[in-house]
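Encoded as structure tokens, the structure appears first; notes follow it.
Read-outs throughout are calculated quantities, based only on the coordinates presented, and are distinct from any laboratory measurement. Just so it is clear, the model here is predicted, and its values are computed rather than measured. Note that we place each Cβ from the backbone using ideal geometry, even for glycine, and neighbour counts take in every protein chain shown.
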């Protein structure tokens with residue numbers, strides 16, 4: 001009878017409306033009103049090159065930045081953003097296709113069948129590259145293959161300042177700019193991942209090499225508390241400590257001389273040509289510490305001993321300090337072998353190899 005058809009039809013229509021109303025699309029509006037248009041890549045929605053922070057250009061160079069404000073245009077999330085300035089010597093498909101100082105961007109990957117209320121777990125990835133190189137604009141760091149096979153989470157990757165731009169220190173520069181960029185990215189995830197179907201209370205940090213080292217610091221950094229619930233550290237070089245301000249003086253001074261500035265002259269530093277900065281940052285990496293030769297593998301690091309990172313992450317973890325969250329740690333059988341190979345022009349005997357690593 002017609003009396004049964006009408007309620008049934010209304011139920012079906014309402015169910016379809018609810019489904020479509022909750023489903024994500026390639027068009028997203030952030031909570032602050034900023035619109036983004038992404039694209040669908042098979043079974044995954046991608047939103048690329050999203051500015052998560054104030055960009056570190058002009059007067060913001062060597063300054064700590066905050067969250068990006070709203071924009072009055074539609075961000076084109078179909079194209080990757082530029083990588084941060086660097087001299088990239090990583091293997092193929094690990095280097096950025098373009099570079100710019102305005103590089104503090106994030107990529108968000110979401111299963112195409114996710115809904116706005118899915119409250120999916122979130123993976124926040126920090127890339128490696130011994131704090132001097134690397135980018136999320138690479139095939140290696142695309143989350144599309146993983147989410148195609150495992151469509152059960154939202155993945156966010158992001159970039160941070162590296163080399164001298166991220167870790168230069170002096171009496172007035174604390175050398176943690178790249179690290180606090182990461183904290184701003186995690187704050188951005190907390191504020192925005194919900195509109196992508198993610199649950200901000202279910203964020204797991206994961207990263208490799210310098211990214212894993214960064215996670216070690218986030219585990220003990222006061223301003224990182226509450227920004228994640230678990231951590232996965234892959235190939236974390238625990239034996240390579242972060243530099244203190246005094247240990248960072250040599251490389252910082254060498255860099256400043258390379259661009260014709262005094263390390264304490266902010267006006268000169270901020271006026272320097274970006275190409276000269278990149279070259280000088282790379283050249284300064286040759287600053288060799290005979291007392292601590294292992295620092296050659298991580299010449300630029302976040303500086304410890306200040307408000308951002310109060311102490312060495314390894315020491316804090318051994319002492320039982322740090323975030324009370326689940327942690328997974330992984331490694332490979334030949335850690336650092338590529339870097340050791342690059343550091344020496346002739347084959348190393350086992351005796352010399354062991355002596356070098358005994359620092």
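Here are the numbers for the structure shown:
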{"item": "The chain: relative contact order as a whole-number percent, Cα under 8 Å and 6+ apart", "result": "16 percent"}
{"item": "Highest to lowest packing among 111-124, 166-179, scored as the average C-beta count within 10 Å", "result": "166-179, 111-124"}
{"item": "Folded to 0 to 90 degrees: helix 177-192 orientation relative to the chain principal axis, Cα", "result": "10 degrees"}
{"item": "Rounded tilt (10° steps) of 274-284 against the dominant C-alpha axis of the chain", "result": "50 degrees"}
{"item": "Rounded tilt (10° steps) of 2-22 against the dominant C-alpha axis of the chain", "result": "10 degrees"}
{"item": "Within the chain, helix-based [θ] at 222 nm, where runs of 4 or more DSSP H residues each add -39,500 (n - 2.57), nearest 500", "result": "-8500 deg cm²/dmol"}
{"item": "Per-peptide average of other Cβ atoms within 10 Å, ordering 205-218, 322-335 highest first", "result": "205-218, 322-335"}
{"item": "Packing rank of 70-78, 28-36, where each peptide gets the mean count of other beta carbons within 10 Å, highest leading", "result": "28-36, 70-78"}
